[in-house]
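In what follows, a structure is listed as structure tokens, so that the remarks can point back to it.
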Amino acid sequence: VAGKKGMEAVVRESQRNLGMYGKKSILFIDEIHRFNKGPQDYLLPFVEDGTIILIGATTENPYFEVNAALIS
């Protein structure tokens, strides 16, 4: 996923899959610590409502680099 347009496309596809097939999508983001607050905040409502299952990998301490709501 590169940039906001890419994220929006992933979310749209995930919403479509959930609506049509009742299947949640898994989104794996390598080096999630490189995403600033904006993209992380954008994904949050879709993680909270179950549209997306987010798995993030990082070499940094996630408590300092990743949105606290995404960690929980």
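Annotations
- Residue within region 23-41 that is outside any strand (DSSP E or B), modelled with pLDDT of 95 or more, among the hydrophobic types (A, V, I, L, M, F, W, C) and under 12 Å from the mean Cα position of the chain (by Cα) present: no
- Within the set Thr59, Thr51, the sole residue that is surrounded by 16 or more Cβ atoms within 10 Å (Cβ to Cβ) and among the polar types (S, T, N, Q) turns out to be Thr51.
The values are calculated or read from the model by the stated rules, or taken from the named source; none is laboratory data. These numbers come from a predicted model, not from an experiment. Every residue, glycine among them, receives a Cβ derived from its backbone with ideal geometry; neighbour counts consider all protein chains shown.
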